[in-house]
1. Roll a 1.4 angstrom probe over the protein heavy atoms and tell me the percent of accessible area of segment 462-596 that is carbon or sulfur.
2. I'd like to know which of 423, 611, 599 lies farthest towards the positive end of the charge dipole of the chain, counting +1 on Cβ of Lys and Arg and -1 on Cβ of Asp and Glu.
3. Just want the answer: with Cβ charges of +1 for Lys and Arg and -1 for Asp and Glu, which residue in 632, 360, 456 is farthest toward the dipole's positive end in the chain?
4. For segment 102-245, what percent of Cα pairs sit more than 23 Å apart?
5. From the phi angles alone, apply the Karplus equation (6.51, -1.76, 1.60; θ = phi - 60°) to segment 511-527 and give each ³J(HN,Hα) in whole Hz, x where the residue is Gly or Pro.
6. Pull out the extension gain between residue 449 and residue 674, defined as 0.36 nm times the separation in residues minus the alpha carbon to alpha carbon distance; nm, one decimal.
7. Once amide H atoms are placed 1.01 Å from N in the peptide plane, what residues at a sequence separation of 5 or more from residue 427, or on another chain, have their amide H within under 5 Å of its amide H?
8. Which order, highest average first, do 482-490, 200-208, 404-412, 516-524 follow once you tally other Cβ atoms within 10 Å for each residue and take the mean per peptide?
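The values are calculated or read from the model by the stated rules, or taken from the named source; none is laboratory data. Owing to the predicted nature of the structure, the values given are computational and were not obtained by experimental measurement. So basically every Cβ, Gly included, is an ideal-geometry build from the backbone, and we count neighbours across all protein chains shown. Keep in mind that these areas ignore ligands, DNA and RNA; they rest on the heavy atoms of the full protein, side chains included. Shrake-Rupley method; radii C 1.70, N 1.55, O 1.52, S 1.80 Å.
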Amino acid sequence: MPIFTPVSRPWLYALLPFVAYLLSWYYNGQIIPLLALSTIIYLLWGAWVWWPRLRAGLPWPRGFLPTFMVLWLLWFGVTLFWSGVPYSSWFYFWVLGSLPLGFLIWVTMPNAVQERAWIWLWRGAVASAWVLSGMALWQYYHWLRQSIGWTGLRPNGPLLDTNSFAAWLNLLFFPLLAVYFAYDAQRKARFLGRQVDLLGLFYLATIAVVLLASFSTGSRGGLLAWLCTIPFAFWGFRRQSGALPRWLMICALVLLAFLLMNYAKGYDILGHLAPGYIDHNSSTVARGLMWLATWHIFLSHPWLGTGLGSYFLYYPAYRLPGELASAGTYAHNDYIEYLAEGGLINLGFLLAFAGALMYALYKLLYKAGKSLNLPEGRRLEALGLVLGVFAITGHALGNFIFYNLPLSILAGLFLARAWRIYGYHGETAPILPRIGINHGVIAQAVMVVAVVVASWNLLADGATFALFSSNGWLNRVIPNGNQRAGFLLKAADWITLARPLATQPHVYLANTYLSLAERDKSLNASHRKALVESALQQYQQSLVGIPRQSGVLNSIGSLYLTQAQLLGLSPVQAKRKALLAWRHGLAINPESVSLRNQIAQLAFVRHGDVSRAIAFLRAGLQRPLFPFPRSNLQMEIALTQWRAGEESATRATLVRLLRENPNYHPAIAWLLSMKKS
């Protein structure tokens, strides 16, 4: 008998995770309100599922995976306490933790509603496959009409990365394939007979559009992950009656989709898979350099790593020469990024997860008919779900996969459903009384507090983004600039109290205080000093949540230099503090041209040591710089030489600049003016 009696209709148990899944589509590591809403809905779903279970003393599902997922989620949480960038890590805790969290909530749902809830969730997943495929095909043909080149003709759906989008389609493809085989094998009618089964035809059409969308992406990683996973599907579905004609149909769809979607690209993806191309392709070479740089990050922080989601903040200081093909946001390999951000333990959890998938495949491929005693339809359903998660886990070796919120959410739900089919063996006796908690209401109260605190912080984070990072909408709501500024000032004050680790409100307050001190001539010296000191304090406070902010350190250095008198600093002290802040910022981001130039001017040019200033600036050219910043740095070198009266050296620098970047107009204009004079 089930332990718990469902308190509502089964579809409600599927609605909350499905809404969280939909909200996650456009998060992309940037739109924090979407992460906040998605996570809060997930937490409410978990509270609803776990409320009666806690009252009953927390009986726990037997087996390895539920316990492993608890430990994995706890590990993610513990890493927040030693992260080098705790505020950034907070967001990635929810992104990466959504996989184990979703798994744990689903496998602990009441037995009486889980099967029916899955029907509703599966319908939503199938609908999302159609929507995502529609996005891909629309993008493909829309860009084709715009005569986009072959390299750009790669749909990414709602994501920012086409490879991650291909992984998402693979995650949906294999469960769809398994359900189609399981359903169509139950029909008594002959395959491809005159009697048309609409549901079977619908699943076949869904597989077809997903294949079209998948091949339209032109993702090498997605294709390789698909090719490495499909043999397991061949082997697992081989015992089905009529499996051969169905596989011939699927293979025909695969071939047709590949030929159709790669025709406009000249089938260049085949050449991209050649060893010679891979060895010399810029994106592949860049991945190798990124992985080497990520290894260096790990060696610098070998035990506990730098903190979840901190890669993009550390990478600029470790970027290797020759790697200018990436923005440096992710390592394009989740395994090595887990290693750098969380050390060996973090990597161990991800490897154990991959090992658990391999073991699940072993059980479903070889033991399902013996020790598991599963009906063939149920076995195929579980196998398809595991294969989908297996495909994206392998794809994570060459792209960032689990750092995409919708993929983590869906992978957790799919694996949870599969485990309930192949690995569920009842539940333990209530755990809470065995550890001394005899009143479930205590655990319920703790859960309520945890959900409220987490939701409070997430809402504050969402408000921070909406008000200080992407606040164009506020111009329409409050057209008056003074009123808008006053509102933002009050909002920043409130958020800094409610969410001290948030960085943007502190920076906004600091900029506002500094602007008032500089522009309001009615203020006396004491008031200006108070504003400048408050600005400095706010800048420093903004570094608590994310210390690696070169832009804030740039502002701090400038503040010391320009407001030295108000701060009671001598010129020597102000210079020393400014240089210290700027050098700290340059160490964090060696690619910063402005910081390098400011240091050169203050440390060397002001003392008449132009040669050392130019040497310091030229040292920046040895760093990996994108073309436009590199040209900017060369322009600063030319300006320094010009001010020192070195006209011939200036002309030589400008000529070198234009050889590298012929379209840099400031250098062209300057050379023309020099020629006329």
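1. Roughly 55 percent, rounded to a whole number.
2. 423
3. 360
4. Beyond 23 Å sits 47 percent of the P(r) for segment 102-245.
5. 4, 5, 4, 5, 5, 5, 5, 8, 9, 7, 6, 7, 6, 7, 4, 5, 5
6. Length gained, residue 449 through residue 674: 74.0 nm.
7. 62
8. Packing order, densest peptide first, comes out as 404-412, 200-208, 482-490, 516-524.
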